[in-house]
There are 2 protein chains.
Amino acid sequence: MSGEFELISRIAARISPRSDVVLGIGDDGAIVRPPVGRELVIVTDTLNRGVHFPEDTSAFDVGWKALAVNLSDLAAMGATPAWCTLALSLPAPDDVWLDACIDGFLALAVQHDIALVGGDTTLGPLSLTVTACGTVAAGTALRRDAAKVGDDIWMSGTLGDAALALREVLQNKPCADELRSRLDRPSPRCELGRALAGIAHACIDVSDGVLQDLGHVCVASGVGAEVRLDALPASEVLAVQVEGAKRWRLQTAGDDYELCFSADPTQHSVIEALSNSLDVALTRIGRVVSGQGVRAIDAGGGEVQLPSSGYQHFG
Amino acid sequence: MSGEFELISRIAARISPRSDVVLGIGDDGAIVRPPVGRELVIVTDTLNRGVHFPEDTSAFDVGWKALAVNLSDLAAMGATPAWCTLALSLPAPDDVWLDACIDGFLALAVQHDIALVGGDTTLGPLSLTVTACGTVAAGTALRRDAAKVGDDIWMSGTLGDAALALREVLQNKPCADELRSRLDRPSPRCELGRALAGIAHACIDVSDGVLQDLGHVCVASGVGAEVRLDALPASEVLAVQVEGAKRWRLQTAGDDYELCFSADPTQHSVIEALSNSLDVALTRIGRVVSGQGVRAIDAGGGEVQLPSSGYQHFG
């Protein structure tokens with residue numbers, strides 16, 4: 001195993017530059033030039049082995065996902081990705097694993113033009129913390145506290161595939177590659193998030209489960225929400241394999257990295273046009289109401305209590 | 001134990017605001033307003049229990065040190081601290097421990113006017129990753145690649161107390177509080193770092209040991225360095241307890257979070273004035289020479305090979 005400093009050089013040599021990076025990896029800190037007139041959005045998320053990804057996840061996918069979950073947070077704020085850092089703890093030196101992990105990380109970084117500008121490598125149980133910075137035109141970031149009574153609630157993509165894949169992995173069942181990749185290689189909705197600035201009111205990513213995450217929007221905005229469970233978008237794989245309340249449970253379990261946003265009903269056609277131009281499914285799943293809390297309802301309008309709605313890291 | 005979201009609210013309620021923070025803890029990301037005409041410096045560092053601090057370190061000190069090591073990196077770049085995030089993995093929910101850890105973190109944050117704007121809390125082996133942002137006037141950051149042949153090499157404070165304290169802890173010897181606090185509560189040299197912009201050429205913090213860290217400066221700047229081991233500043237505690245090569249070994253072991261910088265000899269009196277005005281000892285420990293590598297020499301000018309010079313996280 002090469003030492004820490006050789007590792008840093010190897011990573012540095014593989015990073016595609018951005019013109020606003022004055023000094024990248026290799027000093028005590030990175031130096032970047034924030035664009036004038038824009039605000040900075042800062043997000044951070046940790047992945048621990050066995051907690052946030054199955055033990056058997058490939059190094060490439062671990063690297064990919066560590067960045068993806070952070071890009072998803074930037075997307076939920078409507079921010080354009082710019083720079084990020086990676087703090088990596090590894091139980092033992094392992095060049096092959098590390099190179100593959102960085103491969104996965106950089107494969108996604110290139111797609112979203114985000115530069116890895118710094119990091120830290122330490123000995124410890126496998127854990128990755130990424131901090132990512134993006135930029136938004138001043139005053140245009142999408143926030144949780146901006147939902148308005150009467151808004152439609154929209155959802156991007158489909159929900160539940162990651163939870164289905166995780167269930168199969170945990171039960172040692174064979175999991176089709178296509179399904180497994182929904183767990184291991186989420187596609188953060190950065191383009192959509194940016195496009196929604198000025199169109200959406202509130203926006204979040206549903207990493208912790210759509211009902212729980214919508215609950216935070218309701219608290220922050222001082223509103224309530226009604227979600228039609230049968231309207232939650234499902235992939236064909238999920239729709240074929242799981243029905244009814246079992247499906248709803250998977251669809252509200254989190255780890256999907258899709259965007260959920262509220263918008264005035266007058267934006268309906270604008271949002272449908274956006275769906276076409278970005279080739280991302282956008283589905284109306286409910287509406288913002290007065291009051292508080294999230295009501296999950298079935299096709300008949302009856303309230304449904306789901307046994308476990310979403311993910312809490314602690315508690 | 002309260003859940004993650006209650007924890008977030010509790011932390012959010014305790015943070016002193018900065019006027020450039022548009023949106024702090026509690027959304028998918030924080031929103032901040034970078035000052036016009038300044039560059040952004042981004043640093044990140046992880047502390048793992050048993051690797052970066054002894055198992056018995058108090059929660060308060062763990063929180064303090066997690067921020068301190070990052071502030072020290074900002075100091076080494078000459079940056080003014082602005083915003084930071086904290087990603088915290090805890091093996092089991094523990095309100096009391098967490099509150100004390102946040103106490104330590106915020107006690108130091110207030111001193112340096114840095115705002116905690118976001119974070120992540122997860123289950124996992126005890127680990128803290130802080131990412132900190134600071135700002136510098138464009139073009140004035142202190143870098144590793146700016147040392148010039150003929151420069152004096154200066155050192156702030158004293159070296160070796162943290163290593164002495166760690167040795168005593170690992171040998172289960174009683175360790176005086178004053179000495180132990182040098183290991184657990186380093187005082188990052190932010191004020192000094194800022195003041196050195198425009199005065200120093202290259203600058204680093206010596207977290208990994210002065211000889212090793214100077215080695216990086218030499219590589220980046222294409223120069224060599226000569227360090228007089230007997231000139232390395234020592235505290236009274238260290239000077240009384242340890243002599244000669246044993247002392248030098250402790251003084252080059254790292255974990256001191258002092259600044260080492262190079263400056264033109266004509267800056268001598270300016271630097272001495274700075275030492276007085278900031279009340280920080282600044283000691284000349286060597287000079288930048290042509291060639292490459294760091295030569296550690298004794299009082300007679302003979303080269304000294306120290307058995308282990310500094311800390312590598314991997315390898």
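The values are calculated or read from the model by the stated rules, or taken from the named source; none is laboratory data. What you see is a predicted model, and the numbers here were worked out from it, not measured in a lab. Here the Cβ positions follow ideal geometry from the backbone for every residue, glycine too, while neighbour counts run over all protein chains shown.
Couple of notes before you dig in:
- Residues satisfying the stated conditions in the range B:191-200, i.e. at pLDDT 95 or above and either buried (at least 24 other Cβ atoms within 10 Å of the Cβ) or at positive phi (or both): B:GLY193, B:LEU196, B:ALA200
- Checking B:ALA197, B:ALA137, B:ALA132 one by one, the residue that is closer than 22 Å to A:LEU23 by Cα, within 10 Å of chain A (Cβ to nearest Cβ) and among the hydrophobic types (A, V, I, L, M, F, W, C) is B:ALA132 and no other.
- 2 or more residues more than 27 Å from A:ASP73 (Cα to Cα): qualifying helices (runs of 4 or more DSSP H) within the range B:1-118: B:59-76, B:95-111
- The set of residues from the range A:116-129 being facing another protein chain (nearest Cβ under 7 Å), over 19 Å from the mean Cα position of the chain (by Cα) and in contact (Cβ under 8 Å) with a residue 40 or more places away in the chain comprises A:VAL117, A:GLY118, A:GLY119, A:THR121, A:PRO125.
- Selection count where residues are more than 30 Å from B:GLU39 (Cα to Cα) and of a type outside the set (Asp, Glu), scope the range B:71-103: 10
- One residue stands out among those in the range B:126-136 that are modelled with pLDDT of 95 or more and of a type in the set (A, V, I, L, M): the one that is nearest to B:VAL223 (Cα to Cα), which is B:VAL136.
- The listed residue being buried (at least 23 other Cβ atoms within 10 Å of the Cβ), within 28 Å of B:GLY193 (Cα to Cα) and not basic (Lys, Arg), out of A:LEU71, A:LEU47, A:LEU86: A:LEU86
- Hits in the range A:232-249 - residues which are more than 21 Å from A:ARG287 (Cα to Cα) and of a type in the set (A, V, I, L, M, F, W, C): A:VAL237, A:LEU238, A:ALA239, A:VAL240, A:VAL242
- Candidate set from the range B:89-115 (those that are more than 12 Å from every other protein chain (Cβ to nearest Cβ) and in contact with a Phe, Trp or Tyr (Cβ under 8 Å, 6 or more places away or on another chain)); member that is surrounded by the most Cβ atoms within 10 Å (Cβ to Cβ): B:PHE105
- Considering residues of the range A:119-144 that are outside any loop (DSSP other than H, G, I, E, B) and in contact with a Gly (Cβ under 8 Å, 6 or more places away or on another chain) only, the residue surrounded by the fewest Cβ atoms within 10 Å (Cβ to Cβ): A:ALA137
- Given (1) touching a helix residue (DSSP H, G or I) at 6+ places or on another chain (Cβ under 9 Å); (2) more than 24 Å from B:GLY29 (Cβ to Cβ), index of the condition B:CYS84 fails: (2)
This table checks each residue for (1) surrounded by fewer than 23 Cβ atoms within 10 Å (Cβ to Cβ); (2) touching a residue at least 60 places away in the same chain (Cβ under 8 Å).
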| site | (1), (2) |
| --- | --- |
| B:CYS203 | no, yes |
| B:GLY209 | no, yes |
| B:GLN212 | yes, yes |
| B:VAL217 | no, yes |
| B:GLY222 | yes, yes |
| B:ALA225 | no, yes |
| B:ASP230 | yes, yes |
| B:SER235 | yes, yes |
| B:VAL240 | yes, no |
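- Within the range A:18-44, the only residue that satisfies the criterion of being touching a Gly at 6+ places or on another chain (Cβ under 7 Å) and either surrounded by fewer than 23 Cβ atoms within 10 Å (Cβ to Cβ) or at positive phi (or both) is A:ILE25.
- When the residues of the range B:10-53 are filtered to those that are among the polar types (S, T, N, Q) and more than 10 Å from every other protein chain (Cβ to nearest Cβ), the one that is nearest to B:ARG185 (Cα to Cα) is B:SER16.
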